[in-house]
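Here is the structure we will look at, set down as structure tokens.
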Amino acid sequence: MSEVYTREEALARVTRLTHLRLTAFIEAEAIVPKQHETGPVFGPADLARLDLLCDLAELYDMQPDALAAMVAVIDRMHAARHDRRVLLDAIRAEPPEVRARIAAALQHRQKTNRTNTP
């Protein structure tokens, strides 16, 4: 199993994190720890997210619900970037004639979108 941290270990590692703040982040689903027989556990990515949540909460005085919405958008952006990389890798693996047809179709759609935009 990969490295996991208990609630207390997470609090010790993310120094600006308090019990109250952690509870609020969990209730707002800004962070969703995995459940273990001993209670919630956090992975290294969760600790990084908690640190980011503390930064945003302190810098912008954001409430947990707003933070949850913001990190959901960040998650979607990361997923979209990953999907884009996978798609580009798949296109690069195609023969030149297929890549040329895809490029032509994209250019056509860009021109069409530009002319249809008010």
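The values are calculated or read from the model by the stated rules, or taken from the named source; none is laboratory data. Everything quoted here is computed from the prediction, not taken from an experiment. A quick note on method: Cβ atoms are made from the backbone with ideal geometry, for glycine too, and the neighbour counts reach across all protein chains shown.
Residue by residue, here is whether (1) modelled with pLDDT of 95 or more; (2) surrounded by fewer than 10 Cβ atoms within 10 Å (Cβ to Cβ) holds:
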| position | (1), (2) |
| --- | --- |
| Leu50 | yes, no |
| Leu88 | yes, no |
| His108 | no, no |
| Pro118 | no, yes |
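Looking only at residues in the range 1-43 that are over 22 Å from the mean Cα position of the chain (by Cα) and of a type in the set (D, E, K, R), which one is surrounded by the most Cβ atoms within 10 Å (Cβ to Cβ)?
Glu9
If you check every pair at least six apart or on different chains, which have Cβ atoms under 7 Å apart with a residue in the range 71-94 that is farther than 19 Å from Leu53 by Cα first and a residue that is not charged (D, E, K, R) second?
Ile91/Ile102
Taking the condition of being on the phi < 0 side of the Ramachandran plot and assigned to a strand (DSSP E or B), how many residues in the range 1-59 meet it?
Count: 8.
Conditions: (1) over 30 Å from Leu106 (Cβ atoms); (2) in a loop (DSSP other than H, G, I, E, B). Glu94 meets all but one. Number of the miss?
Unmet for Glu94, out of (1) over 30 Å from Leu106 (Cβ atoms); (2) in a loop (DSSP other than H, G, I, E, B): (1).
Consider only pairs whose beta carbons are under 8 Å apart and that are at least six residues apart or on different chains; among these, list those whose first residue lies in the range 25-46 and is without any contact (Cβ under 8 Å) to a residue 12 or more places away in the chain and whose second residue is surrounded by 12 or more Cβ atoms within 10 Å (Cβ to Cβ) and part of a helix (DSSP H, G or I).
So the pair list comes out as Val32/Ile26.
Go through (1) part of a loop (DSSP other than H, G, I, E, B); (2) modelled with pLDDT under 95; (3) surrounded by fewer than 15 Cβ atoms within 10 Å (Cβ to Cβ) one by one and return the number of the condition Met62 breaks.
With (1) part of a loop (DSSP other than H, G, I, E, B); (2) modelled with pLDDT under 95; (3) surrounded by fewer than 15 Cβ atoms within 10 Å (Cβ to Cβ) applied to Met62, the lone miss is (3).
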